[in-house]
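Peer 1: Before anything else, here's the structure in question.
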Amino acid sequence: MITEIIKIKTAEDTAGIKTAAEILKNGGLVAIPTETVYGLAANAFDENAVKNIFIAKGRPQDNPLIVHISSVEEIYDLVEEVPEKAMKLFEKFSPGPLTVILKKSEKISDTVSAGLDTVAVRMPANKIASAIIKEAGVPLAAPSANLSGSPSPTCFKYVFDDMNTRIDAIVDGGESEVGLESTVITLAKDVPTVLRPGGITVEQLREVLGEVEIDSGILKNIEADFTPASPGMKYKHYAPKADVIILRGSFESFKEYVSKNSDEHTAVLCFDNEGEEMNLPFVTMGDKNSPDEQGQRLFTALRQIDETGAKTVYARCPSQTGIGLAVCNRLFRAAAFRIIEI
Ligand code: TXA
Ligand code: MG
C-alpha cells in the first residue's frame with residue numbers, strides 16, 4: 001500500500017483537513033497528530049475499518065481502543081448515560097489529555113471495546129485532530145500510531161518509521177506537546193479509578209472528584225494470570241530493543257554501579273548534564289527536576305536508545321510526583337520492571 005503524506009501546518013489548512021477526513025469517511029486509516037501522541041484513526045462506527053487498525057499495528061484483539069470526539073455532545077452517541085462525574089471531568093479537562101471510561105452504547109462494536117461493556121472516550125486538544133474529527137463527521141477510534149510494543153510516536157518521523165506502507169495516510173502535523181498518552185480513568189466502577197497515569201495528574205482528578213483510586217498495576221508488574229482493568233496494561237510496552245535496567249538511587253551511586261557493570265555494549269539514559277560524566281554513549285530524558293520535560297522527552301529518548309546500538313541501558317529513576325507518576329509508569333514498563341535499588 002502507498003501511504004499518502006498529508007502535511008498540515010494548522011487547523012485552518014482546510015484542504016489538508018478535508019483530504020484526511022475524506023479517507024476516514026471512506027473507511028481508510030489515517031495517522032493524526034494529537035497533543036499526547038500520534039493516533040492511528042478510523043471511523044469508530046465502521047467495524048471493518050476498526051479491524052484494520054488492529055492488523056496495521058499488530059495489536060492484540062483483546063486490547064480496546066479509545067474513541068475520539070470533537071465536542072461534548074458527541075458523547076451521547078457512544079455511551080449509555082453520562083454520569084455527573086463524567087460531566088465534571090469533561091468540563092474541567094476537555095479538550096485535553098484525559099480519557100474517561102463509561103458504559104458503552106449499542107453503537108460501539110465489540111471490536112472497538114474488545115468485548116468489554118465499556119468505552120473509552122477522549123476529546124483531544126490538538127486543533128488539527130479536532131478539525132479532522134469534525135470534518136469526518138464521525139467519532140474516531142484511535143490507538144497510538146506505533147507498531148504494537150514500540151514506544152508511542154510523538155512526531156511524524158516515528159509514525160512514518162512504523163506505519164509507512166501499512167496505512168492509507170499519515171498527517172505530518174508537528175510534535176506532540178505532552179509526549180505521553182492520556183490519563184485513563186474509569187467511572188464504570190464504584191470509585192473512580194486511574195488505570196493509566198498521564199498528562200492530567202491524580203492530584204488534579206482528586207480536586208474535581210474527591211476520592212480517586214490508582215489501579216494497583218500502575219507501578220507493579222502484572223502477573224500473567226491476573227486480568228487488569230485496562231487490558232493494555234498487561235503487555236510489555238514502549239520497549240526499546242536494548243535491555244533497560246533502572247538504578248534507583250543518587251547520581252553518585254549510579255556512576256559507581258555503572259562503572260563496575262558496563263562494557264562496550266552499555267549506554268545510559270540519564271538527566272541533562274549527567275551523560276558528560278559517564279564516558280559511555282548516553283541519551284538524556286530532560287531536566288532532573290522537570291517531570292513535564294521528562295514526559296515530553298521520554299518516548300523520543302527510548303527510540304534514540306536503539307540508535308546507540310547498546311545491548312544494556314542503565315537508566316536513572318525519575319521522581320513519581322505529578323506527571324512523574326506517568327513518566328515512571330512508562331519507563332518501568334520499558335524496563336520490564338527491572339529495577340535495582342542502589
Ligand atoms: O493519548 C492517548 O490516549 C492516545 C492518543 C492517540 O489519543 N491514545 C492511546 O491509545 O494511547 P492506546 O490504544 O495506545 O491506549 C489505550 C489504553 C489501553 O491501555 C487500553 O487497554 C485502554 O486504554 N482502554 C481502552 N478502552 C478501554 C476500556 N473500555 N476499558 C479499559 N481500558 C480501556
Ligand atoms: Mg498505545
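Peer 1: Out of everything in the stretch 273-330 that is touching a Gly at 6+ places or on another chain (Cβ under 6 Å) and among the charged types (D, E, K, R), what residue ends up being farthest from Lys260 (Cα to Cα)?
Peer 2: Glu293
Peer 1: List the residue pairs whose Cβ atoms are under 8 Å apart, where the first residue sits in the stretch 154-173 and is assigned by TED's automatic domain parsing to the domain that holds Arg59, the second is acidic (Asp, Glu) and not in a loop (DSSP other than H, G, I, E, B), and the two are 6 or more positions apart or on different chains.
Peer 2: Short answer, once both residue conditions are applied: Phe156/Asp172; Asp168/Glu4; Ala169/Glu4; Ile170/Glu4.
Peer 1: If you don't mind, there's one more thing I want to ask. Among the candidates Asn52, Asn48, which residue alone is of a type outside the set (A, V, I, L, M), within 15 Å of ligand 1 (Cβ to nearest atom) and more than 18 Å from Lys157 (Cβ to Cβ)?
Peer 2: Asn52
Peer 1: Give me the residue from the stretch 248-277 that is over 16 Å from Glu307 (Cα atoms) and either among the polar types (S, T, N, Q) or not assigned by TED's automatic domain parsing to the domain that holds Leu298 (or both) and, out of that set, nearest to the chain's Cα centre (by Cα).
Peer 2: Asn273
Peer 1: Within the stretch 259-280, can one find any residue that is away from ligand 2 (no atom under 16 Å from the Cβ), of a type in the set (Phe, Trp, Tyr), in contact with a Cys (Cβ under 9 Å, 6 or more places away or on another chain) and in contact (Cβ under 8 Å) with a residue 12 or more places away in the chain?
Peer 2: no
Peer 1: Looking only at the stretch 206-250, count how many residues are at pLDDT 95 or above and in a helix (DSSP H, G or I).
Peer 2: The number of residues fulfilling the criteria is 4.
Peer 1: In the stretch 305-342, which residues are of a type in the set (Gly, Ala, Ser) and either in contact with a helix residue (DSSP H, G or I) (Cβ under 7 Å, 6 or more places away or on another chain) or at pLDDT below 90 (or both)?
Peer 2: Selection gives Ala315, Ser319, Gly322, Gly324, Ala326, Ala334, Ala336.
Peer 1: Would you tally the residues in the stretch 100-142 being in a strand (DSSP E or B) and either away from ligand 2 (no atom under 16 Å from the Cβ) or under 17 Å from Pro83 (Cβ atoms) (or both)?
Peer 2: Within the stretch 100-142, residues that are in a strand (DSSP E or B) and either away from ligand 2 (no atom under 16 Å from the Cβ) or under 17 Å from Pro83 (Cβ atoms) (or both) number 10.
Peer 1: Could you list, in sequence order, the residues of the stretch 161-191 that are aliphatic (A, V, I, L, M) and more than 16 Å from ligand 2 (Cβ to nearest atom)?
Peer 2: Result: Ala169, Ile170, Val171, Ile185, Leu187, Ala188, Val191.
Peer 1: Which pairs do you get when a residue that is closer than 16 Å to Lys88 by Cβ, found in the stretch 199-222, comes within reach of a residue that is at pLDDT 95 or above and among the basic types (Lys, Arg), reach meaning Cβ atoms under 6 angstrom, with the pair 6+ apart or on two chains?
Peer 2: Going by the 6 Å Cβ cut-off, the qualifying pairs are Val208/Lys88; Val208/Lys92; Leu209/Lys85; Val212/Arg206.
Peer 1: Between Gly249, Gly324, which is surrounded by fewer than 22 Cβ atoms within 10 Å (Cβ to Cβ), farther than 18 Å from Thr183 by Cα and of a type outside the set (A, V, I, L, M, F, W, C)?
Peer 2: Gly249
Peer 1: If we keep just the residues of the stretch 158-196 that are of a type in the set (Gly, Ala, Ser) and part of a loop (DSSP other than H, G, I, E, B), which is nearest to Asp117 (Cα to Cα)?
Peer 2: Here the answer is Ala188.
The values are calculated or read from the model by the stated rules, or taken from the named source; none is laboratory data. Here the structure is a predicted model, which means the values were calculated and not measured. Here the Cβ is made from the backbone with ideal geometry for all residues, glycine too, and neighbour counts use every protein chain on show.
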